[in-house]
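The values are calculated or read from the model by the stated rules, or taken from the named source; none is laboratory data. Since the structure is predicted, the reported quantities are computational estimates derived from the model, not experimental observations. Cβ coordinates were reconstructed from backbone atoms using ideal geometry, including for glycine residues, and neighbour counts include every protein chain displayed.
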């Protein structure tokens, strides 16, 4: 997976599904949000850490709103994005044991933000 500035977003495919990872790629991240209105964003540090893992719907203002001039979405925080929240848990499992426990019981509810 690639996740450097100006690169194509990182892609991991598993069982026919696609997860994208964005670090220093706000344009790619914003395009992904627009193309996946029912998707999920796992907000973490650029180098994933179990100390900060928060799942959001793409419609959540925490991960999808106009930012003040000079602010960036994917510089201080990395974003792992998928249409399937379970896929994000599977992706994160080898990287952070706690993610599976945090995401296992998440059930999508209309209009909810998991922040």
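Summary table below
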| quantity | calculated |
| --- | --- |
| Top-ranked residue of segment 49-70 - restricted to ones that are farther than 17 Å from residue 36 by Cα and touching a helix residue (DSSP H, G or I) at 6+ places or on another chain (Cβ under 7 Å), ranked as surrounded by the most Cβ atoms within 10 Å (Cβ to Cβ) | 53 |
| Hey, residue 73 at pLDDT 85 or above and touching a helix residue (DSSP H, G or I) at 6+ places or on another chain (Cβ under 8 Å) or not | yes |
| Segment 71-93 - residue that is in contact (Cβ under 8 Å) with a residue 60 or more places away in the chain and touching a strand residue (DSSP E or B) at 6+ places or on another chain (Cβ under 6 Å) and, of those, surrounded by the fewest Cβ atoms within 10 Å (Cβ to Cβ) | 84 |
